[in-house]
1. In the range 217-258, what residues are within 19 Å of the chain's Cα centre (by Cα), under 28 Å from Thr174 (Cα atoms) and either not in a loop (DSSP other than H, G, I, E, B) or not assigned by TED's automatic domain parsing to the domain that holds Leu187 (or both)?
2. So, of the residues in the range 39-54 that are among the basic types (Lys, Arg) and assigned to a helix (DSSP H, G or I), which turns out to be nearest to Leu95 (Cα to Cα)?
3. All but one of (1) assigned to a strand (DSSP E or B); (2) touching a Lys or Arg at 6+ places or on another chain (Cβ under 8 Å) hold for Arg310; which doesn't?
4. From the list Ala28, Ala100, Ala106, Ala85, which one is over 24 Å from Leu177 (Cβ atoms), crowded, with 22+ Cβ neighbours inside 10 Å and not acidic (Asp, Glu)?
5. Residue check, Thr24 against (1) in a loop (DSSP other than H, G, I, E, B); (2) assigned by TED's automatic domain parsing to the domain that holds Tyr120, all met but one. Which one?
6. Looking for whichever is under 24 Å from Leu199 (Cβ atoms) and either in contact (Cβ under 8 Å) with a residue 24 or more places away in the chain or exposed (fewer than 12 other Cβ atoms within 10 Å of the Cβ) (or both) here; the options are Val423, Val429. Which one fits?
7. Is it fair to say Gly162 is buried (at least 23 other Cβ atoms within 10 Å of the Cβ) and at pLDDT 95 or above?
8. So in the range 251-275, with the set limited to residues that are within 23 Å of Thr317 (Cβ to Cβ) and without any contact (Cβ under 8 Å) to a residue 60 or more places away in the chain, which one is surrounded by the most Cβ atoms within 10 Å (Cβ to Cβ)?
Amino acid sequence: MTIAEEVLKALAGWGSQPVFIELTPNKAPIYFDGEEFRARIEETTRLLRDLGIRQRYLVTIFLENSIDFVSIFLSLINLGAIPIALKMDYRKIELDEIFANAEPQAIIAEQSHLALLEPYLPGRLVIARSDGQLILRQSPAGPPSLADIPEKIASINYTYRGYGFPLGAMIPHTQYLMGARVLQAGLKGSTGESMLVILPMPHIFTLIGCLLVPLLFGMTSVIARTAHPRLLFDYVRNYHIDYITSVPEIYELLLKFRHKEPAIDSLKAFVCGGSCLSASSYEKIVGAFDIDLLHGYGLTEFTPVSRNIRGSARSGTIGPLCSDVCCRIASPDRTGAGEILLSTPHMARAYYRRPQETAHAYTDSWFKTGDIGRLQNGHLVFIKEKKNTRKINGNIVDLNEVRKAMLMYNRTADVEVSYRDNVLSAQVVFNRDNDFEKEVKELRNFLKGIIAVYKIPKNIIRKD
């Protein structure tokens, strides 16, 4: 079955319990129960068809966290189209590569985001979201050529492997469905409980862990658009949140403010992924909140690979392997550490229109993760990234892409990009003798227009 079919089937048994609660600043919360959300998917499917979306269309999505994001994503799948959910942080260098690679037939975006997408609109079907409504902004120039995508593929999700450009992993329906089942097996969530959703929805971790797990297993998703700790604590209390699924950096932020907050009785577990969580941070967070902290590991190509299980979680590990996942360590050193290889029938098996990169990542039935780890007492331990990428607040940053962006500045002669002690840095040589600090300021302003802001190095210094 497709993701949409499984969700519609699950919604039939929800009754009056909220499926979603959407929290928007300065507005009343929006509630949808099972029947209302089922009707919303069916209504959105009809509307998108009427606006021109067709089977086998590739459709880029640029939407804020919202109930509409979920209904549009599922409705596109219901139509047989292929959603490509993209971060609204992306700028010219990322967007140029993605649009050249995917050549999508349609764009669905927040009305306020269309000005940034202006170079990519010509010739495409364009639908804008404004005040909760979907409005046709542009019809296609002519009959578009359709993508040749296997029926088993649910979506194309862009990721990085250090080449300096994003790769579109072709994600099958079974990855979403199996991923949700094994995450739920670790979480052990119950019908009627609630999960706070704060991660950007285009992330595969969010799509599976924050949306599909609650939808398929009867939990309410409370959607927020902020990571401000005071507001998050308020949401937890006011909506009796049982679980939060997020990245280590969010839990470390909450830890800093924990002493200022009264007791929180509802919280049962934090689900953690996207970045490395140290053993010391694990112990501090568990001690401060007195709950389970379930750290896990996954990639866009398959999520989750491993996860800790509620009631038996360990610090310093990313948990035992999930069911239907095989793992081996390639060329282990004397400590047992080597590249993590994985195999599962449910993983992505190709990058869209990237045969060379696909061949490099996949050998026979094994996927080369580009990460270094080891198996220890039945648990997987993550050590570091082998590929030329790093994680910043759960976001993958390709060091080659950052270097390429910095070299696009017309007064940059040479750049070296590095990531040490959780800080992204760059050493720069400019091609003229000018005030260095002034030149760095102008470089930063230039970068804001061509690359996601979280990829701009925190430290930019003179290269010797």
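1. Ser221, Val222, Ile223, Tyr243, Ile244, Thr245, Ser246, Pro248 - these are the residues of the range 217-258 that are within 19 Å of the chain's Cα centre (by Cα), under 28 Å from Thr174 (Cα atoms) and either not in a loop (DSSP other than H, G, I, E, B) or not assigned by TED's automatic domain parsing to the domain that holds Leu187 (or both).
2. Arg49
3. Single failed check for Arg310: (1).
4. Ala106
5. Every listed condition holds for Thr24 apart from (2).
6. The match here is Val423.
7. So Gly162 fails the test.
8. Cys272
The values are calculated or read from the model by the stated rules, or taken from the named source; none is laboratory data. Note that the structure is predicted; figures quoted are calculated from it, not measured. Reconstructed Cβ throughout: ideal geometry from the backbone, glycine too, with neighbour counts over all protein chains shown.
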